[in-house]
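Let me begin by presenting the structure, written as structure tokens, before commenting on it.
A short reminder: the numbers here are calculations on the coordinates, not readings from a lab. Fair warning: this is a prediction, and the values are worked out from it, not measured in the lab. Quick reminder, even Gly has a Cβ in these numbers, built from the backbone with ideal geometry, and neighbours come from all protein chains shown.
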Amino acid sequence: MLLWLIIGCEVGFWVFLFLGLFFRYILKLPKTGTAVLLCVPLLDLILLLATAIDLHNGAVAEFAHGLAAVYLGFTVVYGSGVIKWLDELAAGRFASTNKREKIELYACSYALYEWRQWFKGVLAGGIASCLLLAAILYVDEPEKTVQLDEWFSYIFWVLAIWLVCWPLWYSLFPKGQTKL
């Protein structure tokens with residue numbers, strides 16, 4: 001059940017995002033568009049409450065409970081950037097504003113970009129880890145939270161692979177020009 005709620009929150013994120021941009025730029029109702037975009041964090045709150053209620057009612061922690069924590073960590077860190085990026089894209093396309101210029105990044109600049117993205121991932125992983133730890137302490141029954149304990153290693157390994165394949169790789173082997 002919780003897994004379906006996570007999927008629903010992800011779908012809802014995109015629905016609210018595109019509806020907000022639709023109201024803002026197609027229907028020319030910027031205040032309504034902003035109001036719809038402000039509903040996006042409500043999805044995170046719903047997921048957080050549903051996870052807490054499920055654990056409070058005695059559920060044994062499953063894969064979905066850990067995934068909910070990771071999802072929340074990443075949406076908190078990356079969600080606003082995605083919204084801003086699509087808002088600028090829609091403004092350039094539909095509002096006849098100055099189109100967003102592509103930024104050309106070269107070797108060192110691109111490596112710095114990759115480092116910034118990775119550090120944001122570390123922040124997201126830290127938030128997810130705090131949520132996992134809070135859930136483990138909240139349940140306070142180790143036999144019910146074994147699945148949550150496993151998520152710490154998942155987060156570590158994803159961040160470690162990310163570190164090696166992107167920031168370190170592009171720092172050691174800079175590439176030519178990249179447009180973002």
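Can you give the three extents of the C-alpha atoms in the range 1-94 along their principal axes, from longest to shortest, in whole Å?
The principal-axis extents, from largest down, are 49, 19, 16 Å.
Quick check for me: using +1 on Lys/Arg Cβ and -1 on Asp/Glu Cβ, what's the dipole size of the range 103-180 about its Cα centre, in debye to the nearest 20?
Here the size comes out at about 540 debye.
Apply the membrane-span-like helix rule to the chain: whole DSSP H runs, Cα extent along the own long axis of at least 20 Å, mean Kyte-Doolittle hydropathy at least -1.0. List the helices found.
Helices passing the filter in the chain: 2-21, 40-56, 63-94, 107-139, 146-163.
Taking the Cα atoms of the range 105-178 alone, what are Rg (to one decimal) and Dmax (as a whole number) in Å?
Taking only Cα atoms of the range 105-178, I get Rg and Dmax of 16.5, 53 Å.
Please label the shape of the range 48-149 as rounded, prolate or oblate, based on the square roots a ≥ b ≥ c of the eigenvalues of the alpha-carbon gyration tensor (a/c under 1.5 means rounded; beyond that, a/b larger than b/c means prolate, else oblate).
oblate
Considering only Phe156, Phe94, Val15, whose Cα is most displaced toward the positive end of the charge dipole of the chain, charges sitting on Cβ of Lys, Arg (+1) and Asp, Glu (-1)?
Phe94
Positive end of the charge dipole of the chain (Lys, Arg +1 and Asp, Glu -1 on Cβ, about the Cα centre): tell me which of Leu5, Val36, Ala61 has its Cα farthest that way.
Checking the options against the dipole of the chain, the answer is Val36.
Which loop-located trypsin sites (Lys or Arg not before Pro) does the range 12-77 contain, where loop means any DSSP state but H, G, I, E or B and the Cβ has at most 15 other Cβ atoms within 10 Å?
Numbers: sites: Arg24, Lys28, Lys31; in loops: Lys28.
Taking the range 12-77 and a limit of 15 other Cβ atoms within 10 Å, the loop trypsin sites (Lys or Arg not before Pro) found are Lys28.
Over the Cα atoms of the chain, Rg to Rh with Kirkwood Rh, two decimal places?
So for the chain, dividing Rg by the Kirkwood Rh gives 1.05.
What whole number of Å gives the distance from the Cα centroid of the range 132-179 to the Cα centroid of the range 1-76?
Computed from Cα coordinates, the inter-centre distance equals 21 Å.
Please tell me the relative contact order of the chain in percent, rounded to the nearest whole number, where contacts are Cα pairs under 8 Å and at least six residues apart.
The normalised contact order for the chain reaches 26 percent.
Computed FRET efficiency, Cβ-Cβ of Leu163 and Ala134, R0 22 Å: what is it to the nearest 0.05?
0.30
Determine the dipole magnitude for the chain: charges of +1 sit on the beta-carbon of Lys and Arg, -1 on that of Asp and Glu, nothing else is charged, the reference point is the Cα centre, and the result goes in debye to the nearest 20.
Using only the charged Cβ atoms, the result is roughly 1240 debye.
What 222 nm value per residue comes from the helices of the chain, counting each DSSP H run with n ≥ 4 as -39,500 (n - 2.57) and dividing by all residues, nearest 500 deg cm²/dmol? Let's see the in-between values first.
Details: 7 runs with 132 residues, N = 180.
So the calculated ellipticity at 222 nm is -25000 deg cm²/dmol.
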